[in-house]
Each structure stands twice: as C-alpha cells, then as structure tokens.
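Please read the structure below before turning to the comments.
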Amino acid sequence: MSKLGNLGARLHRGEISYDFIGHRKLWYGVSILITITAILGLAVRGLNMGIDFQGGAVFTTAKHGSISVTQAEDAAKTASGHDAVVQKLGDGSVRIQIAGMDIEKSDEIKNDLAKDFKVNPESIAADLVGPSWGDQIASKAWQGLAIFMVLVVIYLAIAFEWRMAIAALVALIHDITITVGIYALVGFEVTPGTVIGLLTILGYSLYDTVVVFDSLKEQTKDLTKQTRFTYSEVANRSINGTLVRSINTTVVALLPVAGLLFIGGGFLGAGTLNDISLSLFVGLAAGAYSSIFIATPLVADLKELEPQYKALKKRVLAKRAQSPDGDERDEPGTADGYDEEDAAPAVVGPRNQPASRGRGRGRPSGRRR
C-alpha cells in the first residue's frame, strides 16, 4: 500500500490525527485575511465584466494572416476608445471583442477597422449585444445564486440541522468571495462561463462539506451519554476520518482544470477557457479548504454553545482532572469508541486484554485439590 494509502487508513482508524479544531482560531484568522484581500481587490480594481454583461460588439475579420494581435488591439482601441479583447483564431481570422461601447457607433468602428486592416468592410462581421441584454444576464445570475443558497440552507437544515446549514452557508460565501476577489486581482474577463464555474464549485464545496457533516452526525449520536469526548473532539475525529478522501477528490478534480487553465489558456492561448477554468481552479481549492478549516470548526463552536454540550464539556474536563494521571482519555481521533449504556467509552485496541486472561490470576498453578 502507498504511503498516502497507509496515512488514509491510519487516519480513518483513528491511529493518528491532527487537531484541526484546536487550531481553529488560526484558520479563522487566515480566512479573514484572505477574504479581506479579496474584498479590497474587488473594491479597488473591480471586475472586468464581459460583453454579455456590459453590452458591446464582437467584430470578426475574414482570414487575414498579416494582422497581429497587438495591431488589432491598437486599432480597436483607437476606433472605439475602449480596450479590446483580441483573439487569433485557428483559421487565421481575428476576433475583436469590445465591451461597454456604444453599439450605435458599430458601423463607424467597423469602417475604421477595415481601413486599418486594409480590407473590405463587408469582410468584417459584427455581432452586437445591447446593455439591456447584459442587465438581464446579470440579474438572472444573481437570482440563480440566491435561489441556490436558499435551497442549500433548507436542505441542510432538514437533512442535518440549522447550525450545520449556517456553517455551510458561511463556507459557500467564503468560497465565492475569494473566487470573485481573485478574478478582480487577476483581471480575467467575467462571462456567463464564469457564472457556470461559480455554481459548479459551490456544488463541489457543498458535497465536500456534506461528507464531513454526515460523518459528524453519525459519530455524535448519544454523545451526551458519555464523559470521555467533547463535541469538538468528535468533530476533529470526523475531519481526520475524511481528510484523505477530501484531498484525493480535490486533487483529481484540480488536475484537468489546471490543464485547461495553464496549458489551454496559458500556452495555447485559448482565452475562452480562462473564464471558466480560473473560477473552477480557485473555487475547488477554496471549497476543499473551507470544508475542513471553516465549516466543521464553526459547527463545533455553535454546538458547544448549546447547554447540553456545554455541560458535557464541563463533565469531560472535570473527569479528566480527577483521573490519577490528569488525562484518562486517548487523543481525539483515536479508534476508541464509547459505551452508550455505561456513559464511559469502551476502550478498543491492544490495551484491552481478553477477559479470560484475567481469570485465575494469583492462584497457584497445578491441579486443584
């Protein structure tokens, strides 16, 4: 078995663990810092909204090998007064996208481009997008996002409980903010593909969160009947038990997206792939992070505000303080379970000896007379 496989098996069995919940203040601080950076980037630079949201025009020339991307960009900016996105297509034609321009001037701009390129104006095709269409697209995108969030909260509140629904919602907002902020900092164009990517990564982030929550729900049944583990410690065991699965899923999902972003968009110059691949890449990574470091620790904090789990924590700490060695528990995340009837964990593992071995100790050996 590989080292990662051994690590996953040991984490799942509880033989080793990392105290994610105990370091939650560190993760909260890191997340707040990243979120503030994303918000500042969004406020200072703003989003580079695509033509579908701002309105504008797309001019496509006929096959013309002598036109370079730089020449097309300069000519389009001179003719329209706006920055242009230029792509050299595989057949030698050039696609010029100008967002935010007055579409009533499209014929004038088309003639100016024809002069600069020394071609017939009829050889340049123009597709126009009005600003009202862009407003409708933006409105539908926000509506879709809002409906998605509401449905997520309702589902989690029914399937689990409202505290988990709140934690998952916070994690989703965290993922969206970071992804949008990076879009602003990088300056990639926001298109309908970006919206599709955002909704996709929200679904993935939710899936990863639900996996941890499901494990946590199973392990916290009748938790208040024992005095060995607090809710936070069981939550930490749930994270460790699903950690390698989350890592494997994230890596497998990131590999093809990284190919789209760095190879397709970077080396091959396929700019149309950038809008969706960047949102997927950043969102997948942020979703895995938030599921482990934000959602579950937040659930633990909210649950331990409840009187029953607050009282459980006091009982657990009091019992540990009374034990001879000051701590009779195993580390959170070990394989030990707990006995719901005796209100004390039943130790499982090599430390338990079969009952038969303890019988007859101290008796003299030999045949009984």
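Between residue 247 and residue 135, what is the FRET efficiency for a Förster distance of 51 Å, r being their Cβ-Cβ separation, to the nearest 0.05? It would help to have the intermediate numbers written out before the result.
Numbers: r = 42 Å, r/R0 = 0.81.
After rounding, the FRET efficiency stands at 0.75.
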Once you have the Cα-Cα distance between residue 214 and residue 83, take 0.36 nm times their residue separation minus that, and quote the gain in nm to one decimal. 42.2 nm
Long-range amide H partners of residue 18, meaning residues 5 or more apart or on another chain whose placed amide H is closer than 5 Å, are none
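Whole number in Å², please: accessible area per residue of the range 210-267, 1.4 Å probe, ligands, DNA and RNA not counted. Before the final figure, lay out each step's value.
Values: 2350 Å² over 58 residues.
Normalised by residue count, the accessible surface of the range 210-267 is 40 Å².
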Of every hundred units of 1.4 Å-probe accessible area on the range 31-125, the number belonging to carbon and sulfur atoms, as a percent, is 53 percent
Around residue 181, what is the net charge, scoring Lys/Arg as +1 and Asp/Glu as -1 over all other residues with Cβ under 14 Å from its Cβ? 0
By how many nm would the segment from residue 128 to residue 315 grow when fully extended, if each residue of separation counts as 0.36 nm and the alpha-carbon distance is taken off? 60.4 nm
For the range 158-279, which whole percent of the accessible surface, found with a 1.4 angstrom probe, sits on carbon and sulfur atoms? 73 percent
Want the number for residue 170 to residue 143: 0.36 nm per residue separation, take away the alpha-carbon distance, what's left? 7.9 nm
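The values are calculated or read from the model by the stated rules, or taken from the named source; none is laboratory data. All of these numbers come straight from a predicted model, not from anything done at the bench. A quick note on method: Cβ atoms are made from the backbone with ideal geometry, for glycine too, and the neighbour counts reach across all protein chains shown. Keep in mind that these areas ignore ligands, DNA and RNA; they rest on the heavy atoms of the full protein, side chains included. Shrake-Rupley method; radii C 1.70, N 1.55, O 1.52, S 1.80 Å.
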